[in-house]
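Worksheet: one structure, shown below.
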Amino acid sequence: MAIALRQSGHRVIEIVSRNNAQSISRARKLAKQVGARAITLRDAQFAKTTWICVPDDAIFEVASQIAARGDWRRKIAIHSSGALRSDALSPLKKAGAGIASAHPLMTFVRISKPEWKGVPFALEGDASALVTVGAIVRSLGGKPFRIAAELKPAYHLFGFFSSPALVALMVAAQQVGELAGFKQRKSRELMGPIVRQTIENCLLTTPQLAFSGPLRRGDVATLRKHLDVLKEHPELLTLYKSLSTIALKHLPVTNGEALKKLID
């Protein structure tokens, strides 16, 4: 976030970290990249806009700690939680700040540096703060949209199914690959083309048009073989039945009644 802000023309003044050696070291490295100073919470001055990027459970505590520091009138505080409402920053609101939440619907891991262009940002909070936050997001190349505060938990769950759950599904595929005699690396190599094509088909058209395989064909005998393979693997069996049930309800299948009876 700090690097993207700097590259889009914003001035990053401080990178504020916890007061421990590892956090300070990381803050100094990042601060050097963006031309800011690395500082701990105790000595932070806080700019016109403060973006709080800490674990969800720490947001209110951090807001409480810094609310008593300085004059927050005409300043904006933002947090990046997808699940929490902007009122997690209520101590800062009481201190005079405009508050908002701005959550990028993107996955962030150390092995990759995703582009910000086109990334949706769910925004919620004070009307005056949202004007500023929306402008910042657009300067990053992001696509801001408003989300009702009470819908944030469901929105975050949507994000879970859009990324972490997909990773968990890939783990399940690897486990089934092992049953077919493939090592994990080999399974990932083999599944690469079909996974990429399936996701592309689904996003470019609809899940209904992208759906293929034995459920669509109504191939009862094949499903029975699948269930036989999984009968000694209860977690995978439960997942298979759950996904098949969703498919039977929402995707085009043939011979649906027979398939439902088999899965039940």
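The values are calculated or read from the model by the stated rules, or taken from the named source; none is laboratory data. Here the structure is a predicted model, which is why all the values come from computation and not from measurement. Cβ atoms come from the backbone with ideal geometry, glycine included; neighbour counts cover every protein chain shown.
Here is a list: LEU215, LEU239, LEU251. Which entry is in contact with a Ser or Thr (Cβ under 7 Å, 6 or more places away or on another chain), in contact (Cβ under 8 Å) with a residue 40 or more places away in the chain and of a type in the set (A, V, I, L, M)? Spell out how you get there, then give the answer.
On the way: LEU239 fails: in contact with a Ser or Thr (Cβ under 7 Å, 6 or more places away or on another chain); LEU251 fails: in contact with a Ser or Thr (Cβ under 7 Å, 6 or more places away or on another chain).
On inspection, the qualifying residue turns out to be LEU215.
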Filter the range 133-175 down to the residues that are surrounded by 13 or more Cβ atoms within 10 Å (Cβ to Cβ) and of a type in the set (Val, Ile, Thr) and list them by number.
VAL133, ILE136, VAL137, ILE147
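Here is a check on your reading of the model: is SER112 small (Gly, Ala, Ser), in a loop (DSSP other than H, G, I, E, B) and modelled with pLDDT under 95?
Working: small (Gly, Ala, Ser): yes; in a loop (DSSP other than H, G, I, E, B): yes; modelled with pLDDT under 95: yes.
Judged against the criteria, SER112 is a match.
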Taking the criterion of being outside the structural domain of SER101 (by TED's automatic domain parsing), part of a helix (DSSP H, G or I), within 20 Å of the chain's Cα centre (by Cα) and over 23 Å from THR254 (Cβ atoms), would at least one residue in the range 173-194 satisfy it?
no
Within the range 111-122, take every residue that is within 14 Å of the chain's Cα centre (by Cα) and hydrophobic (A, V, I, L, M, F, W, C) and give me the one that is surrounded by the fewest Cβ atoms within 10 Å (Cβ to Cβ).
VAL119
Among residues belonging to the range 64-80 that are surrounded by 14 or more Cβ atoms within 10 Å (Cβ to Cβ) and under 16 Å from ALA129 (Cα atoms), point out the one that is farthest from the chain's Cα centre (by Cα).
TRP72
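For ARG26, state whether it is out of contact with any Asp or Glu (no Cβ under 9 Å at 6 or more places or on another chain) and outside the structural domain of TRP116 (by TED's automatic domain parsing). Lay out the reasoning, then the answer.
Numbers: out of contact with any Asp or Glu (no Cβ under 9 Å at 6 or more places or on another chain): yes; outside the structural domain of TRP116 (by TED's automatic domain parsing): yes.
So ARG26 passes the test.
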Residue within the range 36-47 that is of a type in the set (Phe, Trp, Tyr) and either free of Cβ contacts under 8 Å to residues at least 40 places away in the same chain or surrounded by fewer than 14 Cβ atoms within 10 Å (Cβ to Cβ) (or both) present
yes
Pair list, Cβ < 6 Å and 6+ apart or interchain, from the range 141-157 residues that are over 17 Å from LEU84 (Cβ atoms) and not assigned by TED's automatic domain parsing to the domain that holds ILE78 to residues that are surrounded by 12 or more Cβ atoms within 10 Å (Cβ to Cβ) and among the aromatic types (Phe, Trp, Tyr):
none
Condition set within 20 Å of LEU140 (Cα to Cα) and crowded, with 19+ Cβ neighbours inside 10 Å, scope the range 81-105, selection farthest from the chain's Cα centre (by Cα): answer is ILE99
Hey, any hits in the range 183-202 for a residue that's farther than 18 Å from PHE161 by Cα, touching a Pro at 6+ places or on another chain (Cβ under 7 Å) and at pLDDT 95 or above?
no
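Select from the range 133-147 the residues that are part of a helix (DSSP H, G or I) and of a type outside the set (A, V, I, L, M) and list them in ascending order.
From the range 133-147, those part of a helix (DSSP H, G or I) are 133-139; that's our starting set.
GLY134, ARG138, SER139 - these are the residues of the range 133-147 that are part of a helix (DSSP H, G or I) and of a type outside the set (A, V, I, L, M).
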